[in-house]
Amino acid sequence: MVINMNNAVEVENLRKVYEMHKRNGFFRRTKAEVVSVDNVNFSVPEGQALAFVGPNGAGKSTTIRMLTGILTPSAGYARVLGYVPWKERSHMAYHIGAVFGQRSQLWYHLPASDTFDLLAKIYNLDKVEYRKRRDELVDRFRLGPLLDVPVRKLSLGQRMRAEVAASLLHKPRLLLLDEPTIGLDIHAKQQLRELVSEWNRKEGLTVFLTSHDTGDIENVAERVIIINHGRLVLDDSVENLRRQYEGLSLEEALSHIYGLEVESEETEDVPELQAVG
Ligand SMILES: Nc1ncnc2c1ncn2[C@@H]1O[C@H](COP(=O)(O)OP(=O)(O)O)[C@@H](O)[C@H]1O
Ligand SMILES: [Mg+2]
């Protein structure tokens, strides 16, 4: 494929199939496959803020896990800042930040300041540069009074602010966020969106954000990709989407788009599935 150096992310025919073992009675097991990401193609130019949207189980987390190199795809290709994520994960880590709503990179029993110091060592940051950066983030993310409190004592909103700040310490060019606003109250959501958006504008940070919250799209993203049943069903600017569904809220537009998709032959519902890889 042609590598466009101005793209932060390039994805071609990316696919992930989970193999499951289905239990049939006591001894018999048969294999079942779950196509989680189904031949997906897109690219994200540097500096863009993209919302990767879809209902539960659409394939958002699986996609973002392949882009961060945690998961290896079953087929297809991806380049993130020129790196093949699942092959060059440690090199890539110097240039990307990642925030997973469910899983913390902050040490639970330690204050965030300790994790920040640790990350500075991991990323080999120059001491003076690091302090400057940390102070800027602490100030803008309003973490001052929270910095020395064990993370377990923070509210979810406070913790997520600290998470995003931590992910920006090493000045990444790309920030990947998996449902960062999930479970937050409206105020905390809004704060987080504004901060991500600010860094996108201020530093040209490329933002790849998964969500099923239309508020995230409206407040952060200039472009939206919709995934459903592992397949891309829409890729357009937020502006065009609005124009096309004028009179509807974004929420209503999305429901409409999800509904449009022809029902794919889904794997039958089997209660006892065990992941094997
Ligand atoms: N580890 C796994 N083993 C088996 N199936 C999985 C695993 N992770 C996700 N899936 C399945 O893949 C599909 C996509 O999941 P996911 O990427 O988590 O969607 P989303 O993040 O959009 O909610 C779902 O059908 C889900 O059940
Ligand atoms: Mg998910």
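The values are calculated or read from the model by the stated rules, or taken from the named source; none is laboratory data. These numbers were taken from a predicted model, which means no experiment stands behind them. Cβ atoms come from the backbone with ideal geometry, glycine included; neighbour counts cover every protein chain shown.
Things worth noting here:
- With respect to the conditions (1) outside the structural domain of HIS212 (by TED's automatic domain parsing); (2) in contact with a Leu (Cβ under 8 Å, 6 or more places away or on another chain); (3) assigned to a helix (DSSP H, G or I), ASP117 lacks only one, and its number is (2).
- Scanning the stretch 169-209 for residues that are within 16 Å of ligand 1 (Cβ to nearest atom), over 14 Å from THR68 (Cα atoms) and either surrounded by fewer than 21 Cβ atoms within 10 Å (Cβ to Cβ) or of a type outside the set (S, T, N, Q) (or both) yields GLU179, PRO180, ILE182, GLY183.
- In the stretch 218-277, residue nearest to the chain's Cα centre (by Cα) [restricted to those that are at pLDDT 90 or above and within 30 Å of LYS31 (Cβ to Cβ)]: ILE227
- Some residue of the stretch 213-233 being exposed (fewer than 13 other Cβ atoms within 10 Å of the Cβ) and touching a strand residue (DSSP E or B) at 6+ places or on another chain (Cβ under 9 Å): no
- Hits in the stretch 113-129 - residues which are among the small types (Gly, Ala, Ser) and either exposed (fewer than 12 other Cβ atoms within 10 Å of the Cβ) or over 20 Å from MET92 (Cβ atoms) (or both): SER113
- Qualifying residue in the stretch 39-48 (condition: within 15 Å of ligand 2 (Cβ to nearest atom) and under 25 Å from GLU252 (Cβ atoms)): no
- Options PHE116, PHE52, PHE42: the member that is among the aromatic types (Phe, Trp, Tyr), modelled with pLDDT of 95 or more and within 14 Å of ligand 1 (Cβ to nearest atom): PHE52
- The listed residues are LEU184, LEU209, and the only one of them that is without any contact (Cβ under 8 Å) to a residue 60 or more places away in the chain and assigned by TED's automatic domain parsing to the domain that holds LEU50 turns out to be LEU184.
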